[in-house]
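Report on the structure given below.
The values are calculated or read from the model by the stated rules, or taken from the named source; none is laboratory data. Bear in mind the structure is a predicted one, so any value in this text is a computation, not a measurement. Note that we place each Cβ from the backbone using ideal geometry, even for glycine, and neighbour counts take in every protein chain shown.
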């Protein structure tokens, strides 16, 4: 069952307060998120740091997956590959546009195009996979507890 | 010409104040960095977020490259692939151990093993590539200016 | 200077006789290649083997790059990432559609969508990078010699 | 339940006759395979083609997985990332050494180091993931039928 943008925004605010991306759109197997760029997001050379771009890619995937399968908080990244293509502007927000390539019962795969806001020149391109806990599995709808607990290996 | 750990720590403090990793060791084509984990680094499920692990991998690569080729601030990530293997403890620092696989004249490739401090169970594994500006190239020793400038496409 | 499909077909026949893909189209930063599937291309489970899909992706990239920069025989793959999404039909040819994401002076990046001929369901998705020797570099227009020679490290 | 080298060699001869790699060793979460290099395996520039290296990486992973979990013919590659580091000798066999990083209930991750036989200089490095059908799942022990059948999406 799908989620609307409002439901996902609400979920992120409650359970993922560390998130610094803004959801611009979600639906139809896609998602668009945005991240403002300030000095904290830069690296030597005055361009947006790789980790910021990777974060935007990862969140765009997460949001697209939630939009497609519903609020499944413990969907987790299993892999990500990113190619950095051009320097991003230090003065523009980063926009990540995710398109899901496949959503299976337990794995979703999507690609993300990353841009400096207002420019059509691709800054980076990522492909990532997300693992989706099965319905009925204890992980399916478990909220973020934030307390210490057993680490599952 | 190689760099010592002290030279790299000093460089990062001056030119990369956004960096949140601590360099534990560098040399011999390797580097070890550490990142403390607090609530800001967590995600739903109470485990370390993917972006934090990607950041540690990227910084470990950067430090290993600088250790091998000298302080070349504008060495930049060209690609990164990461596989997430196990949940990291929300209560331990993340340790990233980078081993360079090849350092060419313009490209370096390395792999990074990521652990929860004190545990030998691999949390994630990354392989990344860094582009190294050539000596004589205007980008070779240019410090971080942090001002607005032309974006090179 | 770009190459036409005929020029690339001719080049491959002369210098890359080991190639088993057929070029269907090339131009505009793209290329489409096809590979027939027989018993030799299958693996346990009666589906197309991963290596065949990887080969099609790699050749699609090579052809797209040659189409864009001209016949530069020693353009070589520097990296490839592929995600396998669905089982390919053992009875259909594999079609690979490459779209270049960026063509720089020394590096090209492209993505390849792989399908069973006649089906719109993505069988696999790849992203690869190609290194392009510079004009003037001895490697730029050197044909395939096939003789023993020094290996450049 | 693990498999011995002889069991895997025997299985490959029966169910995977298309395989052109020779298993040198398997066990302890590792595997070593070898592929002879002749003109068919070369590409323009007289070096071993990318697809041959990708094939060796993929087979090394498959063998390592079978060695670890037993003969599960329908274990399939879900992803592979390879970085090409140095030109391989056109006159030496390619050796692939796989080390599994994690073997879970349904997914295995491993890395493969590829060499020209007799040389310690890494020719390429790959990381791949394999999906392992669960025991009890109809796919678990199904042999290769090689006949036309329904494609599972």
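Annotation: of all residues in segment A:115-146 being farther than 30 Å from residue D:80 by Cβ and at pLDDT 95 or above, the one that is surrounded by the fewest Cβ atoms within 10 Å (Cβ to Cβ) is A:120. No other residue among D:22, D:63, D:69 is touching a strand residue (DSSP E or B) at 6+ places or on another chain (Cβ under 8 Å) and surrounded by 24 or more Cβ atoms within 10 Å (Cβ to Cβ) apart from D:63. Each residue in segment D:104-128 was checked for being touching a residue at least 60 places away in the same chain (Cβ under 8 Å), more than 15 Å from the chain's Cα centre (by Cα) and under 21 Å from residue D:75 (Cβ atoms), and 0 pass.
State yes or no: is residue A:17 over 23 Å from residue B:82 (Cβ atoms) and surrounded by fewer than 24 Cβ atoms within 10 Å (Cβ to Cβ)? It is true that residue A:17 is over 23 Å from residue B:82 (Cβ atoms) and surrounded by fewer than 24 Cβ atoms within 10 Å (Cβ to Cβ). If the condition is being closer than 26 Å to residue D:107 by Cβ and more than 11 Å from chain C (Cβ to nearest Cβ), then segment A:101-121 contributes A:105, A:106, A:112. Looking at (1) out of contact with any strand residue (DSSP E or B) (no Cβ under 6 Å at 6 or more places or on another chain); (2) closer than 15 Å to residue A:128 by Cβ, can you tell me which one residue A:1 breaks? Only one criterion is unmet by residue A:1, namely (2).
Note on segment B:2-100: enclosed strands (runs of 3 or more DSSP E) holding 2 or more residues that are in contact (Cβ under 8 Å) with a residue 24 or more places away in the chain and more than 12 Å from chain A (Cβ to nearest Cβ) are B:22-27, B:30-35. The listed residues are D:103, D:52, D:112, and the only one of them that is modelled with pLDDT of 95 or more and surrounded by fewer than 21 Cβ atoms within 10 Å (Cβ to Cβ) turns out to be D:103.
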